[in-house]
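Notes for the one structure printed next.
The values are calculated or read from the model by the stated rules, or taken from the named source; none is laboratory data. Here the structure is a predicted model, which means the values were calculated and not measured. Heads up, the Cβs are rebuilt from the backbone with ideal geometry, glycines too, and the neighbour counts pull from every protein chain shown. These area figures cover heavy atoms from the full protein model, side chains too; ligands, DNA and RNA do not enter into them. Shrake-Rupley method; radii C 1.70, N 1.55, O 1.52, S 1.80 Å.
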Amino acid sequence: MAEARAAVRLRAVLGHLGLPAPGAAVAHPTSGALSPVRVHPQQFQYTLDNNVLTLEQRQFYEENGFLVIKNLVSDADIQRFRNEFEKICRKEVKPMGLTVMRDVTIAKSEYIPSEEVVSKVQDFQEDEELFRYCSLPEILKYVECFTGPDIMAVHTMLINKPPDSGKKTSRHPLHQDLHYFPFRPSNHIVCAWTAMEHIDRSNGCLVVLPGTHKGPLKPHGYPAWEGGVNAMYHGIQDYDRNNARVHLVMGKGDTVFFHPLLIHGSGRNKSQGFRKAISCHFAGAGCHYIDVRGTSQENIGKEIVAAADRRLGTKSHASLQDIWRFRARLVKGRRINL
């Protein structure tokens, strides 16, 4: 007990001095400014009581809406995910429900099955090897700090950002992930996003607008980009352009956890290689489905249903709620009825 009290006092002192606590996560921004950390433990809104996050880590997430944990996923696991992705690209494995996407410029070229024409695979919940990411104990112990002990994996992606063709289509417009999700409450949803190699501004790292998770869900739509926009890459139309930005420089295995209302995106891949990351959005037991008709999410809801109809056939009559129930998989605790 005395050691625990001493640890709390040490963290508080370090916080007052502006120094990181032992084991604290560091965002490693290359530009922009972070919200100052103010220690008010009784006012936690975006994190749950836990014995994983330090006081400073928890407050950092409360203030900024994201948290980077260094070296969280092993090189061995990342190599396994990379190997499975390559098999999918070569069509050696064909998981049910998987969506394979190509950059809008690549899609117009001759198709040759390889990772050089695939920009993203999503909904890999039926692929046993890739879905291992969603149940890694080192990931889930942090996820539980945001969702609680009953956890569903609700959206999965492996992003293979291609070298930009010169038309800037490898960018991802600034957006909020909650735009895509017809369930609430938002504070019990979190994304885990792991770099599969070194990622910086040269190959299109994530850019975040700290503190924007405290605002509302904004209307989204396709940006008017001359080079074209990838399918479902919706962006915010009216964000504050004076808001400070932080570019997340991440090493292989580093993982960022962020709130679904945090405004974020990614820049062009100006390198000659493909930039890979794997991610999963998780939801807690308190989450429930909402009807998006008549809301700003209606446009993306219709687009998701139309895409499902193209894959399953127009006679499938799949609803938006059906689609999300199909995607959701229990990874810890009891099942959640989205």
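Side notes on the structure shown:
- Residue list for the stretch 209-243, filter: of a type in the set (Asp, Glu) and closer than 19 Å to Glu63 by Cα: Asp240
- Here Arg171 fits the description: more than 18 Å from Tyr61 (Cβ to Cβ), buried (at least 17 other Cβ atoms within 10 Å of the Cβ) and either in contact with a helix residue (DSSP H, G or I) (Cβ under 9 Å, 6 or more places away or on another chain) or not hydroxyl-bearing (Ser, Thr, Tyr) (or both).
- Within the stretch 222-247, considering residues that are in contact with a Lys or Arg (Cβ under 9 Å, 6 or more places away or on another chain) and open to solvent by 40 Å² or more (accessible area, probe 1.4 Å), the one farthest from Ala192 (Cα to Cα): Glu226
- Selection of the stretch 91-112 for residues being in a loop (DSSP other than H, G, I, E, B) and either surrounded by 13 or more Cβ atoms within 10 Å (Cβ to Cβ) or modelled with pLDDT under 90 (or both) yields Val93, Pro95, Gly97, Leu98, Arg102, Asp103, Val104, Thr105, Ser109, Glu110, Tyr111, Ile112.
- Where a residue in the stretch 296-312 is more than 15 Å from Leu178 (Cα to Cα) and its partner, wherever it lies, is open to solvent by less than 50 Å² (accessible area, probe 1.4 Å) and among the β-branched types (Val, Ile, Thr), with Cβ under 6 Å and at least six apart: Ala308/Ile323
- Condition check for Leu330: farther than 18 Å from Tyr233 by Cα, of a type outside the set (Val, Ile, Thr), assigned to a loop (DSSP other than H, G, I, E, B) and under 22 Å from the mean Cα position of the chain (by Cα): no
- When residues in the stretch 129-179 are screened for being more than 18 Å from Phe85 (Cα to Cα), modelled with pLDDT under 95 and not in a strand (DSSP E or B), 8 of them pass.
- All positions within the stretch 192-219 that are among the basic types (Lys, Arg) and crowded, with 18+ Cβ neighbours inside 10 Å: Lys218
- Total residues in the stretch 64-90, condition open to solvent by 20 Å² or more (accessible area, probe 1.4 Å) and either on the phi > 0 side of the Ramachandran plot or hydroxyl-bearing (Ser, Thr, Tyr) (or both): 2
- Test: Thr194 is in a strand (DSSP E or B) and of a type in the set (Ser, Thr, Tyr): yes
- Residue match in the stretch 248-258 (condition: at pLDDT below 95, touching a strand residue (DSSP E or B) at 6+ places or on another chain (Cβ under 7 Å) and crowded, with 18+ Cβ neighbours inside 10 Å): no
- Any hit, the stretch 282-290, residues being touching a Ser or Thr at 6+ places or on another chain (Cβ under 9 Å), modelled with pLDDT under 90 and not in a loop (DSSP other than H, G, I, E, B): no
To keep it simple, each residue is scored yes or no on (1) modelled with pLDDT under 90; (2) more than 18 Å from the chain's Cα centre (by Cα); (3) under 28 Å from Tyr233 (Cα atoms); (4) not β-branched (Val, Ile, Thr).
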{"residue": "Gly23", "(1), (2), (3), (4)": "yes, yes, no, yes"}
{"residue": "Ala33", "(1), (2), (3), (4)": "yes, yes, yes, yes"}
{"residue": "Val39", "(1), (2), (3), (4)": "yes, yes, no, no"}
{"residue": "Glu62", "(1), (2), (3), (4)": "no, no, yes, yes"}
{"residue": "Asn71", "(1), (2), (3), (4)": "no, no, no, yes"}
{"residue": "Glu84", "(1), (2), (3), (4)": "no, yes, yes, yes"}
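Each row is one residue, and each column tells you yes or no for (1) among the charged types (D, E, K, R); (2) in contact (Cβ under 8 Å) with a residue 24 or more places away in the chain; (3) farther than 28 Å from Pro95 by Cα.
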position	(1), (2), (3)
Ile139	no, yes, no
Asn160	no, yes, no
Ser165	no, yes, yes
Phe181	no, yes, no
Arg184	yes, yes, yes
Cys191	no, yes, no
Ser202	no, yes, yes
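- Residue among Lys270, Lys315 that is at pLDDT below 90, farther than 15 Å from Thr147 by Cβ and open to solvent by 20 Å² or more (accessible area, probe 1.4 Å): Lys315
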